[in-house]
1. Could you order the peptides 232-239, 261-268 from most to least packed, using the average number of other C-beta atoms within 10 Å per residue?
2. Given region 167-279, what whole percent of its Cα pairs are spread farther than 19 Å?
3. Convert 20 °C to kelvin, take the viscosity as 1.002 mPa s, use the Kirkwood radius over C-alpha pairs of region 60-112 as Rh, and evaluate the Stokes-Einstein diffusion coefficient in µm²/s, rounded to a whole number.
4. Quick check: net charge around ASN256, other residues with Cβ under 11 Å of its Cβ, Lys/Arg +1 and Asp/Glu -1?
5. ³J(HN,Hα) across region 29-44 via Karplus (A = 6.51, B = -1.76, C = 1.60, θ = phi - 60°), whole Hz, x for Gly/Pro?
6. Taking the Kirkwood radius as the inverse of the mean 1/r across Cα pairs, report the Rg/Rh of region 1-114.
7. With 14 Å as the cut-off, how large is the P(r) tail for region 96-137, expressed as percent of Cα-Cα pairs?
8. For GLY110, which sequence-distant residues (separation of 5 or more, or a different chain) have an amide H within less than 5 Å of its own amide H, given hydrogens modelled in the peptide plane?
Amino acid sequence: MSTEVQPHHKILIIGGGFGGVKAALKLCQVPNAHVTLISQTAVFSYYPQLYHAATGGSRAEAVIPLTQLFAAAAVELVTATITTLNAEAKTVTASDGQEFAYDELVLSLGSVTNYFGIAGLEKFAYNIKTIDGAERFKQHLHQQLIAERRPDVNYVVVGGGATGVELSGALAEYLHQITTKHGVTTNFRIDLVEASPRLLPHSSARTAAKVKRRLERLGINIMTGAEVEAETAESLQIKGQSIASRTVVWTAGVANNPFYQANASVLNLGDHGKVTVDDHMQARESVYVIGDNADTKYAGLAQTAVADGTFVAADIARKLRGVTRPRYHQSAPFPVIPIGDRWAAATIGPLEFYGFGGWMLRRLGDFVAYADIESLPGALKVWRLDGRREDDCPICGQPTAA
Ligand SMILES: Cc1cc2nc3c(=O)[nH]c(=O)nc-3n(C[C@H](O)[C@H](O)[C@H](O)COP(=O)(O)OP(=O)(O)OC[C@H]3O[C@@H](n4cnc5c(N)ncnc54)[C@H](O)[C@@H]3O)c2cc1C
């Protein structure tokens, strides 16, 4: 068995998110590996904090430049959108025609928003899946409350999953903050709309009940079993009923990255268009698919994507050294869902924590997640931004928080 690493092994990673960044940070330590990370934006998005950036938190806690994450790492960074995989030639092609060759390829492209073809949603609904979306939403709130002094009667969040409940809780407190600070008198309602019979369909019934009670205490009106049918500029249609609103946030659907459908002739797609992978997370020889894109039990969470990135990096390193490669083992994630200030629901195996204890676990989890991809001082700097600190009001330039 050879223990020599082949010289200049070309490792190509597509996607500068949780899975791709983690894999690149690990793989650049492999001797003689040349690692290139290609991503369609020059920043890493820390999605768990986007709800906070949308409701007054700092932009810097939700996006970090890739150059900062790789400042001390030997990784070549390229900004491009990859559209085509040629598995025979071992190349990928970008939308601008650039071609990149690989010996080992890791695909971690994340998921995209799915509007399920519901009329008007894509045009009128806000979404917080990107920092631009989160900032557009924040700008809209300030525009109507402060510049126009024309608050909505109803603020509607669609989707009772983790993102929807987190946003609803934060929105209740943020709207209160802005209106108090700027002296806007209003009597609005926040609706949280979910098509399933209960909130958090993927969490335990107990967690869902606790979160529901917490949201109700914050004044959120919860509508379950309520399917959205259409949206217009002034209203949302739910089961034939119309809710007057110019502020609807859609958090209810994701789909796999369209890259996979476009390359389905060379990859096997399983459940929900996700990619079937083997025991080493390979969709085919030397093509690894990880994170949200892989058809694995716990796909859809940052924790899973980071674990996948770590696994494939070790697998590729072992493959290059010609040593035994253990199989992929799926570890159950620890979901922590913050609802409003200093309250979270945390599940660690059979243990559940609610309230301030859950919040402390969330803060700890965020620190571990930042430290997983950043230097310790860098991680500490970003992590500390999560206080009640507030970016300035985009309309008047004054800090919004009291
Ligand atoms: C609002 C929100 C909140 C969330 N909160 C949590 C949470 O609290 N806890 C948790 O565990 N998970 C959370 N998640 C889920 C988590 O963020 C994802 O599971 C995780 O980001 C998946 O990592 P990934 O590497 O697969 O994809 P991503 O992190 O999405 O990274 C994909 C990368 O690929 C790039 N890309 C896409 N297409 C191309 C292309 N064609 N060419 C080149 N580059 C491309 C993108 O720009 C991006 O940089 C949340 C998700 C959202 C949207």
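1. The most tightly packed comes first, giving 232-239, 261-268.
2. 62 percent
3. Taking Rh from Cα pairs, D becomes 162 µm²/s.
4. Numbers: positive: LYS274; negative: ASP271, ASP292, ASP295.
Residues near ASN256 contribute -2 overall.
5. Working through the residues one at a time gives 8, 7, x, 6, 8, 9, 9, 10, 10, 10, 9, 7, 10, 8, 10, 8 Hz.
6. Looking at region 1-114, the ratio lands at 1.03.
7. 67 percent
8. ASP292, ASN293
Throughout, read-outs are computed from the coordinates displayed, never taken from laboratory work. Note that the structure is predicted; figures quoted are calculated from it, not measured. Quick reminder, even Gly has a Cβ in these numbers, built from the backbone with ideal geometry, and neighbours come from all protein chains shown.
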